[in-house]
Amino acid sequence: RGDELPAGSEFGGYEIVRMLGAGAFGAVYEARKLPLGKRTALKVLHREFLRQTEVVQRFLREAQIVAQIEHPHIVGVFDVGVFDEQPYIAMEFLDGESLADRLKREGTLSPEEATDLLLAVMSAVAAVHEKGIVHRDLKPDNIFIARHSTGSTQPKLLDFGIAKVRDSKQALTVTNAVMGTPYYMSPEQAQESKHIDASSDQWSLAVILFECLTGRCPFQGDSLLALLNAITAKPIPRLRDVSPAMPEARMADEAQK
């Protein structure tokens with residue numbers, strides 16, 4: 001893009017170590033907070049958007065949203081600011097990999113592992129909903145499996161860039177824009193409904209669990225239009241039709257025995 005921060009440079013009191021990844025609106029760097037040298041994940045908005053007020057507001061609002069919610073399964077934010085006209089968000093640095101990378105490497109997770117991982121993420125999403133916030137972009141790329149020095153792992157929910165705040169008086173969504181990642185969209189999100197609530201995130205979590213267990217999303221399409229049509233009109237596929245190896249569901253009374 002031509003606006004990457006070079007390794008060794010200083011930015012807003014941070015020393016850039018390396019770029020970790022880049023998206024449509026910003027890049028994330030491994031950095032060290034000066035003078036302590038504390039490892040930090042630094043998210044910086046691309047310069048091309050500095051004159052787009054709505055994009056800048058949405059970027060900074062992500063930090064405000066995450067700062068409201070202290071939860072062990074949500075990435076921590078401890079600084080936000082503007083340096084050389086570029087807004088930035090400083091977050092806790094996480095070692096590990098995304099759920100997307102894990103699925104790409106292993107294909108599927110066992111039912112036990114998938115359940116444990118998603119229960120932690122559901123706890124985080126519930127905390128988000130309690131604050132009147134809808135994430136709107138739940139997907140394996142935004143679930144990070146942090147690895148600690150002890151060898152234990154901890155799922156972390158990331159990226160609140162297109163989150164919706166309930167009853168917000170200021171609309172920060174581009175009109176007629178598709179907000180979210182198509183494979184994980186709920187039917188109402190696929191229809192560009194303005195009335196997106198917590199149930200939309202719940203749908204996305206179910207899609208993620210389906211993918212963890214089967215290695216594919218429940219709905220497919222050769223084009224964006226075909227995919228959105230499948231989500232809104234086709235019946236939900238049965239898990240065991242896609243993956244016959246899945247164990248049979250148990251009745252509630254059997255589970256209690």
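Computed from the coordinates by the stated procedures, all read-outs in this text should not be read as laboratory data. Note that the structure is a prediction, hence the values are computed from the model and not measured. Here Cβ is always computed from backbone atoms with ideal geometry, including for glycine, and neighbour counts include all displayed protein chains.
Expressed as an acute angle from 0 to 90° and rounded to the nearest 10, what is the orientation of the C-alpha long axis of helix 198-214 relative to the principal long axis of the chain?
Long axis of 198-214 versus the principal axis of the chain: about 70 degrees.
Quote the relative contact order of the chain in percent (integer), defining contacts as alpha-carbon pairs under 8 Å separated by 6+ residues.
Values: 401 pairs, mean separation 35.0, N = 257.
The value is 14 percent.
In degrees from 0 to 90, rounded to the nearest 10, what is the angle of the helix 111-130 Cα long axis to the longest principal axis of the chain?
Orientation of helix 111-130: about 60 degrees from the principal axis.
Return an integer: the convex hull volume of the alpha-carbon atoms of the range 25-92, in Å³ per residue. Each step should come with its number before you reach the end.
Numbers: hull volume 6.0 nm³, N = 68.
Given the Cα convex hull of the range 25-92, per-residue volume reads 88 Å³.
Can you pick out the pairs among LYS104/LYS156; LYS156/LYS234; LYS38/LYS156; LYS33/LYS131; LYS43/LYS131; LYS131/LYS194 whose Cα atoms lie more than 28 Å from each other? Don't skip to the end; give the middle numbers.
Values: LYS104/LYS156 18 Å; LYS156/LYS234 32 Å; LYS38/LYS156 20 Å; LYS33/LYS131 30 Å; LYS43/LYS131 23 Å; LYS131/LYS194 19 Å.
As for pairs spanning more than 28 Å Cα to Cα, those are LYS156/LYS234; LYS33/LYS131.
Build a GNM of the chain with springs between Cα atoms under 10 Å: which of HIS135, HIS73, HIS195 gets the top mean-square fluctuation?
Of HIS135, HIS73, HIS195, the most mobile in the Gaussian network model is HIS195.
What number, rounded to the nearest 500 deg cm²/dmol, is the helix-based mean residue ellipticity at 222 nm of the chain, given -39500 (n - 2.57) per DSSP H run of at least four residues and division by all its residues? Spell out each step's value before the answer.
Working: 8 runs with 83 residues, N = 257.
Taken over the chain, the calculation gives -9500 deg cm²/dmol.
In whole Å, what three semi-axes, largest first, describe the equivalent ellipsoid of the chain built from its Cα gyration tensor (square root of 5 times each eigenvalue)? It would help to have the intermediate numbers written out before the result.
Values: eigenvalues 218, 104, 58 Å².
Result for the chain: semi-axes of 33, 23, 17 Å.
Highest mean first, what order results for 140-147, 49-56 on Cβ atoms within 10 Å?
Ranked from most to least packed, the peptides come out as 140-147, 49-56.
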